[in-house]
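One structure is given here, and the rest of the page talks about it.
The values are calculated or read from the model by the stated rules, or taken from the named source; none is laboratory data. Please read all numbers here as calculations on a predicted model, not as lab measurements. For neighbour counting, all protein chains shown are included, and Cβ atoms are generated from backbone atoms with ideal geometry for every residue, glycine included.
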Amino acid sequence: MPLKLDAHQHFWTFEQSEYKWIEEWMDPLRRDITPADLDPELAEAKIDGTIAVEARGSLAETENLLRIAAETDFVRGVVGWLPLTDPKLEALLERYTNNPKLIGLRHAISAEPDSGYMFRKDVNQGISLLKKFDLTFDLSFTPHQLPICLDFVDQHPEQTFVLDHLAKPYIRDQKIEPWKGQIRELAKRPNVFCKLSGLATEADIENWIPKDLDPYLDTVLEAFTPNRLMFGSDWPVCLLATDYQRWVRTIEHWTSKLTATEQESIWSTTARRAYRITEIL
């Protein structure tokens, strides 16, 4: 079996005021989420390591995840948050990248009320600094934002981007276009990678079956190839629709048609390359 890396999971100390996106109906998420909760799941699924991803835009979130990474053997890296528009961003990058566990940044652009946020001069000046510090940038988009995502990515052809959750396609509605065509267009950019994460929660959360996801998974397999695809669980958010083991089994079954080398790419090699993780898992 190939080494396995979960490239997208979260931790938090739950406070409603800090995680406003966690709504009242999301009972499995309305509690503290810790490494002790995830550790047995990883052991059962034979996952060798994870990447912890920010779930709220704050320096406190980044610092907390870096603290957890320092204390938790299985956390191989952190995709944190820093203020892209801060005039002192470069100094912040120098400070935080002294910690080798900071491997990327994310900003929830999908939640920005300003549709032109991605084209602000200060935002793009911030993005332009990331390559100097060997940081990836995770793309958090929804399908209707994909056309402007293309324009955004094209402004930074040397920056490594990772698309989260396939841009959350409308699986529940069994709608694949125009998402499919736009994903294919995005995949033409060789600096963009894609995570196989967050799909069960975009399907019918109570009744989904793996074949509901196949058209979307098959689209990104063709578009990105295994060399730019990586496994992610989106745990604990995935618990709204699936337990950890079922999600791992779903992707194991879907990848079983691939060669051993292609499977290894999806399970670990792609993530390690995109996020420049050099340590042995």
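For C194, the conditions (1) assigned to a helix (DSSP H, G or I); (2) in contact (Cβ under 8 Å) with a residue 12 or more places away in the chain; (3) touching a strand residue (DSSP E or B) at 6+ places or on another chain (Cβ under 9 Å) are fulfilled apart from (1).
Restricting attention to the range 222-265 and to residues that are among the hydroxyl-bearing types (S, T, Y) and assigned to a loop (DSSP other than H, G, I, E, B), the residue that is nearest to E54 (Cα to Cα) turns out to be S233. Can you find even one residue in the range 99-113 that is among the hydrophobic types (A, V, I, L, M, F, W, C), in a loop (DSSP other than H, G, I, E, B) and within 17 Å of the chain's Cα centre (by Cα)? For the range 99-113, residues among the hydrophobic types (A, V, I, L, M, F, W, C), in a loop (DSSP other than H, G, I, E, B) and within 17 Å of the chain's Cα centre (by Cα): present.
Considering only the range 168-191, I want to know if a residue exists there that is in contact with a helix residue (DSSP H, G or I) (Cβ under 7 Å, 6 or more places away or on another chain), modelled with pLDDT of 95 or more, part of a strand (DSSP E or B) and within 15 Å of C149 (Cα to Cα).
Quick first cut of the range 168-191, residues in contact with a helix residue (DSSP H, G or I) (Cβ under 7 Å, 6 or more places away or on another chain) only: 168-172, 176, 179-180, 182-187, 189.
Within this subset, residues satisfying the condition of being modelled with pLDDT of 95 or more are 168-172, 176, 179-180, 182-187, 189.
Those still in the list that are part of a strand (DSSP E or B) too: none.
No, the range 168-191 has no match at all.
Number of residues in the range 1-51 that are of a type in the set (K, R) and at pLDDT below 95: the value is 1. Among the residues of the range 249-271, the one identified as under 17 Å from the mean Cα position of the chain (by Cα) and surrounded by fewer than 22 Cβ atoms within 10 Å (Cβ to Cβ) is T269. Residue pairs whose Cβ atoms lie under 8 Å apart, sitting 6 or more positions apart in sequence or on different chains, and linking a residue in the range 256-280 that is touching a residue at least 12 places away in the same chain (Cβ under 8 Å) to a partner that is hydroxyl-bearing (S, T, Y) and loosely packed, with under 14 Cβ neighbours inside 10 Å, are Q263/S256; R272/T278.
Scan the range 1-48 for residues that are in contact with a Lys or Arg (Cβ under 9 Å, 6 or more places away or on another chain), surrounded by 14 or more Cβ atoms within 10 Å (Cβ to Cβ) and among the aromatic types (F, W, Y) and the total you get is 2. Residue check: W208 meets all listed conditions (1) without any contact (Cβ under 8 Å) to a residue 40 or more places away in the chain; (2) among the aromatic types (F, W, Y); (3) farther than 16 Å from R172 by Cβ but one, namely (3).
Within the range 47-62, identify whether any single residue is under 27 Å from E252 (Cβ atoms) and more than 18 Å from the chain's Cα centre (by Cα), and answer yes or no. No - not one qualifying residue is present in the range 47-62.
If only residues of the range 74-89 that are touching a helix residue (DSSP H, G or I) at 6+ places or on another chain (Cβ under 9 Å) and of a type in the set (D, E, K, R) are counted, the one that is farthest from I109 (Cα to Cα) is R76.
Residues of the range 148-167 that are assigned to a helix (DSSP H, G or I), in contact with a Lys or Arg (Cβ under 7 Å, 6 or more places away or on another chain) and β-branched (V, I, T): V153 alone. Take the conditions more than 30 Å from E71 (Cα to Cα), touching a Phe, Trp or Tyr at 6+ places or on another chain (Cβ under 8 Å), of a type in the set (S, T, Y) and in contact (Cβ under 8 Å) with a residue 12 or more places away in the chain and apply them to S115. Does it pass? So S115 fails the test.
Scan W254, W235 and give me the residue that is under 20 Å from A43 (Cα atoms) and aromatic (F, W, Y). Please lay out each step first, then the result.
On the way: W254 fails: under 20 Å from A43 (Cα atoms).
Within the list W254, W235, the selection yields W235.
Listed conditions (1) more than 15 Å from G57 (Cβ to Cβ); (2) out of contact with any Gly (no Cβ under 8 Å at 6 or more places or on another chain) are all met by I103, apart from (2). One residue alone among I109, I171 is β-branched (V, I, T), in contact with a Leu (Cβ under 7 Å, 6 or more places away or on another chain) and surrounded by 15 or more Cβ atoms within 10 Å (Cβ to Cβ), and that residue is I171.
Examine the range 52-73 for a residue that is in contact with a helix residue (DSSP H, G or I) (Cβ under 6 Å, 6 or more places away or on another chain), closer than 20 Å to L196 by Cβ and modelled with pLDDT of 95 or more, and state whether such a residue exists. Yes, because at least one residue in the range 52-73 is in contact with a helix residue (DSSP H, G or I) (Cβ under 6 Å, 6 or more places away or on another chain), closer than 20 Å to L196 by Cβ and modelled with pLDDT of 95 or more.
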